[in-house]
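Heads up: the structure comes next, in structure tokens.
The values are calculated or read from the model by the stated rules, or taken from the named source; none is laboratory data. Note that the structure is a prediction, hence the values are computed from the model and not measured. So basically every Cβ, Gly included, is an ideal-geometry build from the backbone, and we count neighbours across all protein chains shown. Protein only, heavy atoms only, side chains kept; ligands, DNA and RNA dropped before computing areas. Shrake-Rupley method; radii C 1.70, N 1.55, O 1.52, S 1.80 Å.
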Protein chains: 6
Amino acid sequence: MSNLIIRTIPRADPETIRVLGELGVATVHEALGRIGLLEPAIRPIYPGARAAGSAVTVLCPPGDNLMIHAALSIVQPGDVLVVTTSSPSVDGMFGDVLATSCQALGVVGLVLDAGVRDTAELEAMQFPVWARAVYSQGTIKAAAGSVNQPITCAGLAVRPGDVVIADRDGVMVVPRVRAEDAATLGEQRRDKETAIKGRLARGELTLDVMQLRGLLGDLGVTWVDSAPQS
Amino acid sequence: MSNLIIRTIPRADPETIRVLGELGVATVHEALGRIGLLEPAIRPIYPGARAAGSAVTVLCPPGDNLMIHAALSIVQPGDVLVVTTSSPSVDGMFGDVLATSCQALGVVGLVLDAGVRDTAELEAMQFPVWARAVYSQGTIKAAAGSVNQPITCAGLAVRPGDVVIADRDGVMVVPRVRAEDAATLGEQRRDKETAIKGRLARGELTLDVMQLRGLLGDLGVTWVDSAPQS
Amino acid sequence: MSNLIIRTIPRADPETIRVLGELGVATVHEALGRIGLLEPAIRPIYPGARAAGSAVTVLCPPGDNLMIHAALSIVQPGDVLVVTTSSPSVDGMFGDVLATSCQALGVVGLVLDAGVRDTAELEAMQFPVWARAVYSQGTIKAAAGSVNQPITCAGLAVRPGDVVIADRDGVMVVPRVRAEDAATLGEQRRDKETAIKGRLARGELTLDVMQLRGLLGDLGVTWVDSAPQS
Amino acid sequence: MSNLIIRTIPRADPETIRVLGELGVATVHEALGRIGLLEPAIRPIYPGARAAGSAVTVLCPPGDNLMIHAALSIVQPGDVLVVTTSSPSVDGMFGDVLATSCQALGVVGLVLDAGVRDTAELEAMQFPVWARAVYSQGTIKAAAGSVNQPITCAGLAVRPGDVVIADRDGVMVVPRVRAEDAATLGEQRRDKETAIKGRLARGELTLDVMQLRGLLGDLGVTWVDSAPQS
Amino acid sequence: MSNLIIRTIPRADPETIRVLGELGVATVHEALGRIGLLEPAIRPIYPGARAAGSAVTVLCPPGDNLMIHAALSIVQPGDVLVVTTSSPSVDGMFGDVLATSCQALGVVGLVLDAGVRDTAELEAMQFPVWARAVYSQGTIKAAAGSVNQPITCAGLAVRPGDVVIADRDGVMVVPRVRAEDAATLGEQRRDKETAIKGRLARGELTLDVMQLRGLLGDLGVTWVDSAPQS
Amino acid sequence: MSNLIIRTIPRADPETIRVLGELGVATVHEALGRIGLLEPAIRPIYPGARAAGSAVTVLCPPGDNLMIHAALSIVQPGDVLVVTTSSPSVDGMFGDVLATSCQALGVVGLVLDAGVRDTAELEAMQFPVWARAVYSQGTIKAAAGSVNQPITCAGLAVRPGDVVIADRDGVMVVPRVRAEDAATLGEQRRDKETAIKGRLARGELTLDVMQLRGLLGDLGVTWVDSAPQS
């Protein structure tokens, strides 16, 4: 596996990315057929964290963040770093020094299957990070990895240029070639949900709005007035 | 195990439930003899989440939220949904659509041994949820379960109509027939703790206030001025 | 293992402790050669929690907080309680009653390899706690332990009088005899990082600021313009 | 919660218990409608462990095995001890001393949501144990609990006299009143599976034997000869 | 994501697969540059389990094993089923009925990021399975998935036709196009290790055999005769 | 923290070590006052693994086993390697090559808070290892650590020369200066337990043999003939 840094990657249309970010993880995940989520152990470091952008993928050895430094030489404004390690590690691979550089270069967020530190400073800077752990354990800069090769991050295959959406619900990745489709489907779903929520807010039941009563009958579910004597 | 939806359940007195909610999980748990807690992995989705109400119990297959929809047809204002799955799952079984219906119907909270999504929206709506995970993974509506049958949720046996108390410390369940007793004992404990805290705030030691010095002696614990040479 | 309560322990200079607390966990950990961290499972109960002080070490049986009460008889203003159990437990060993006493006696924080409760009240009081779990499960006062003997807490050996630093990034412990050294090295590191961050904020790359390009070359990492055809 | 030791409990028919034990956990679980399993974290301490008997339920404080001693005063030959703790603990509550007494009294196995020790000796004695952990941590005999009250063990509600089946696949509990039914249904299922396995062994496909082809079609699953070009 | 069953996949040369299986996971992983491992939570159900074959990939909904049945209609002798679920699940998706069919059809093993049951029978049949859990929880046959599409299984991207190697050390996957190369490199590594082991067995040190003394010096590691006074 | 390799350490008397090994973990742990256990996550790689020896302590960076190689230059026959990493890692730091050297040099076992591989070969060689995980992930030899400095391994502080006892129940460490005492106390405990087991095997109850009936009464535990009506 050669240790390459790929300078140029395809990216989705910025307006499409903006729409996907506004729709949010839960809506786009549903619209796209319930795919694309990272494991729920990857959590934002502050509740208001929210980001959407093009994935720059980074593979690091555990406990070594050299390749994150390398990745910063090829990022473009609007990118999200997606970082994984070649074996499980929660070492703190990212802190306020790297976040300062990220913000200067227009990187809009970080998804990291490892640990992060300087979390108070990161919230103060409003640089959003999703990580497996908060841990100050320092890392070294000593071994090779890759930038913009396909990786697996927190259980999901990610290709460079895919669209990353991350918010309080977690992180999802939309394959780049499906980004426009996802935005359209997501807006449809949002509108449909808004309409349903309006009806529910007025007291209608989902059993009626979504027409589920027949299904319950078909499944043999029975309404009774009170608990049978056991 | 027949798949029943029980329409009518006994509920505790609303004023008793209100008092229990004000006392909070830690105080009522102690007052009742240190029983009734769900596992600590069940956490609120925002720090200010707080609820107390009558348990409407829901058993779902993993990855299937049909029975939550069914349960909303029999809830009453002041109820708390208590939902578990028949095998371990963290799929996101509940989001802002169902929460909209819950609020319209007077449901005051949700306890869920599974995943939840739309957490930013849920906090904005101030609909409190306690769950095992935040995870957007969508669920289907395809298989039967039950409503208002006894369940085991996060390690605790819960019967419909039991009083659920949930706050930042987690979730506890008071058997319905013990609710009044729990409220009385809880108020006594709170008053006793308030008195003790007053004395401690003035600098008294718990060793004296709680008369623990003798016990330490009986146990052979020894005060020495400095560490012995090893 | 005799059950001793040691009344007198050496403590670091208060000004040194103050400086270490301001530097924070991540900076001091790096400055000291990347040692001294507790496991990342030990988390603060609210985001703004922050403390630095002299460790008063407490060893309790699981589910028994008697020795925390005993420890409060020998604390001094500026101390941090560091509590562990003799076998794994997440029972709620500490709440607002003990916190009231801690604040009256000048204890500035608690690090606990177990559970904590009354977390809403503790945040309202601004008494910072780092713990493995939030859990209301009550504990008893029935068995002996020790105060101010060396302990292992969340994977780290801690001696009484060591300097505890705790913030949103977690908890670290500085050996007392290295406290002054740590403060000096930490300030140097902070100043160096501030300088680097200034350069990065102006758009320089860490590859240049930290002179990492040569290392990448030595490791055989190669820049290419686009992904090779596979 | 009064601390009772109930001397007399109802038990299922010994021949029914024998049949259930021979059928094993996986078959009876299916036959009974897929209910009754303890969490998969409860594992046998040696591969050949196998037991079936009437549940004598024991609730202990964490780290205290006094009530197991008490339970041995009321067991009958053919019983299985089912032990849980009032809060999570992996302390080693059971070893070869208690196992010697169990075997002398005719107890045929132990299910324990805690830790066990002397595991080499227990295998040599062929006394089967299912536990959450192997851990030598010693326990005390100092606090009250109950024997033969309903408990929740590893996520499952268990009543005294229920039939416990335990083998290499884990542990399940059959409600006593359903034991005979379970044995009959289990034998039918075993016979049906034996017939199916005969057909499969001769090369037939489950798609045909279980008539699943139509379902695949209804679900829109499509057979294609080779991967479509992406 | 269309629900396809791909009938025809490329496979590696059987002799190459045989060689890779004999070399084993640890050796091939090293030979191939330390890539290709599934998470260590995927464990064999008996110590002697050992398999190597061509991956037939299966994606199932959680708690639903229909697509494993579908996969058995397109397997060839020498294949290994590699099964994952679309969200985390430990339900028991595979037992002796499916194993009987697998053996009749020449399938040589199963890798499953979920649960397995009938483990005593599976060992008796000598059908090797690697799984996340042993759990009897039954599954349904109700929802669509895919066969022979690329999947991510236990943290690793797997394509149909890749070579799966599984033994007591866990599971690894060799990209099909690198299989021959991996076999050659693996044999070289094995031979080299055999030579080294011969020297070590005669008492030589790895420091000398692998020429590591200089490195230790370069890193500033110092030999001293006894512990310095602290 | 200087990176030292200490050549000479004090060791306990070989006959004492032999006795402690025969007594085993559970007995010595009890005899010594219930101290000294490593976390239960550290498990033997085969059921019959059993070792006792003098601890040679090794601290490695995560994913780097260079210092194990260094340690082999200073071991003596009868030693047990006790290895930990400076941050959490399950990489496979040890396999059959290093085991070959260990056996040639007289090392009798390995305790490792990380991963191990070549487990089938290690059992065939009868070289016992206790580890946190079985994982083939390869490690590098690139960074400094220490040998025979005090370490914390799996939650326990270990000093070079302490006596390690490891068997199927896990691992414990006896402080060297207490080894003789531990052996004496352990033999007394073993003899006492043998006597008790003789009485229990004849049908006496532990309640009588250990005189626990009075305690149950003092604690308010009540014997009743049958379950009270609820």
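Observations on the structure shown:
- F:GLY109, sole failed condition from (1) more than 14 Å from chain E (Cβ to nearest Cβ); (2) in contact with a Gly (Cβ under 7 Å, 6 or more places away or on another chain); (3) closer than 25 Å to A:PRO88 by Cα; (4) of a type outside the set (A, V, I, L, M, F, W, C): (3)
Let's see how each residue does on (1) crowded, with 18+ Cβ neighbours inside 10 Å; (2) more than 14 Å from chain D (Cβ to nearest Cβ):
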| position | (1), (2) |
| --- | --- |
| E:ALA131 | yes, no |
| E:ILE140 | no, no |
| E:PRO160 | yes, no |
| E:VAL163 | yes, yes |
| E:VAL177 | no, yes |
| E:ASP191 | no, yes |
| E:LYS197 | yes, yes |
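- Restricting attention to the stretch F:99-108, the residues that are surrounded by fewer than 24 Cβ atoms within 10 Å (Cβ to Cβ) and within 24 Å of F:PRO150 (Cβ to Cβ) add up to 3.
- Of all the numbered requirements in (1) more than 20 Å from the chain's Cα centre (by Cα); (2) buried (at least 19 other Cβ atoms within 10 Å of the Cβ); (3) touching a residue at least 24 places away in the same chain (Cβ under 8 Å), C:ASP118 misses one, and that requirement is (3).
- Criterion applied to B:SER226, B:SER146, B:SER136 was being touching a strand residue (DSSP E or B) at 6+ places or on another chain (Cβ under 7 Å), polar (S, T, N, Q) and open to solvent by 40 Å² or more (accessible area, probe 1.4 Å), and the one residue passing it is B:SER226.
- Inclusion of A:ALA104 among residues that are within 14 Å of chain C (Cβ to nearest Cβ) and over 15 Å from A:VAL25 (Cβ atoms) is warranted.
- Residues in the stretch C:205-220 that are closer than 25 Å to A:ALA104 by Cα and either under 19 Å from the mean Cα position of the chain (by Cα) or facing chain A (nearest Cβ under 8 Å) (or both): C:LEU205, C:THR206, C:LEU207, C:MET210, C:LEU212, C:LEU215, C:LEU216.
- Of the residues making up the stretch C:143-157, those that are more than 8 Å from chain B (Cβ to nearest Cβ) and more than 15 Å from C:ILE6 (Cα to Cα) are C:THR152, C:CYS153, C:ALA154, C:GLY155, C:LEU156, C:ALA157.
- Among residues of the stretch A:144-163 that are over 17 Å from A:VAL174 (Cβ atoms), those with a Cβ under 6 angstrom from a residue that is open to solvent by 30 Å² or more (accessible area, probe 1.4 Å), sequence gap 6+ or separate chain, pair up as A:ALA144/A:ASN3; A:ALA144/C:LEU219; A:GLY145/A:LEU59; A:SER146/A:ASN3; A:SER146/A:LEU59.
- Those residues of the stretch C:52-83 which are at the interface with another protein chain (Cβ under 9 Å from one of its Cβ atoms) and not in a loop (DSSP other than H, G, I, E, B), in sequence order: C:ASP64, C:LEU66, C:MET67, C:ILE68, C:HIS69, C:ALA70
- Residue in the stretch B:94-108 that is on the phi > 0 side of the Ramachandran plot, modelled with pLDDT of 95 or more and among the small types (Gly, Ala, Ser) present: yes
- Residues in the stretch D:112-124 that are at the interface with chain F (Cβ under 10 Å from one of its Cβ atoms) and assigned to a helix (DSSP H, G or I): 5 in all.
Here's the yes/no breakdown for (1) within 23 Å of A:PRO14 (Cβ to Cβ); (2) part of a helix (DSSP H, G or I); (3) among the acidic types (Asp, Glu):
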| residue | (1), (2), (3) |
| --- | --- |
| A:CYS102 | yes, yes, no |
| A:PHE127 | yes, no, no |
| A:GLN137 | no, no, no |
| A:ALA166 | yes, no, no |
| A:VAL171 | yes, no, no |
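- Condition broken by E:ARG50, with the remaining ones in (1) surrounded by 22 or more Cβ atoms within 10 Å (Cβ to Cβ); (2) within 21 Å of E:ALA131 (Cα to Cα) satisfied: (1)
- Flag for F:GLY155 being within 19 Å of the chain's Cα centre (by Cα), open to solvent by less than 20 Å² (accessible area, probe 1.4 Å) and farther than 20 Å from F:VAL75 by Cα: no
- The set of residues from the stretch D:193-230 being over 19 Å from E:ASN65 (Cα atoms) and in a helix (DSSP H, G or I) comprises D:THR194, D:ALA195, D:GLY198, D:ARG199, D:ALA201.
- Residue that is farthest from the other protein chains (Cβ to nearest Cβ), among those in the stretch C:13-46 that are small (Gly, Ala, Ser) and under 25 Å from C:PRO77 (Cβ atoms): C:GLY21
- Among the residues of the stretch A:84-99, those identified as within 14 Å of chain F (Cβ to nearest Cβ), part of a loop (DSSP other than H, G, I, E, B) and among the small types (Gly, Ala, Ser) are A:SER86, A:SER87, A:SER89.
- Sole exception among (1) within 28 Å of A:VAL90 (Cα to Cα); (2) in contact with a Gly (Cβ under 8 Å, 6 or more places away or on another chain); (3) surrounded by fewer than 18 Cβ atoms within 10 Å (Cβ to Cβ) for C:ALA41, by number: (2)
- The residue pairs whose first member lies in the stretch E:6-35 and is surrounded by fewer than 20 Cβ atoms within 10 Å (Cβ to Cβ), whose second member is among the acidic types (Asp, Glu) and assigned to a loop (DSSP other than H, G, I, E, B), and whose beta carbons are closer than 9 Å, counting only pairs six or more residues apart or on different chains, are E:ARG7/D:ASP225; E:THR8/D:ASP225.
Residue-by-condition table, conditions (1) touching a residue at least 60 places away in the same chain (Cβ under 8 Å); (2) closer than 19 Å to C:ILE45 by Cα:
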site: A:LEU98; (1), (2): no, no
site: A:VAL108; (1), (2): no, no
site: A:VAL129; (1), (2): yes, no
site: A:SER136; (1), (2): no, yes
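- Test result for E:ALA183, assigned to a helix (DSSP H, G or I) and surrounded by 23 or more Cβ atoms within 10 Å (Cβ to Cβ): yes
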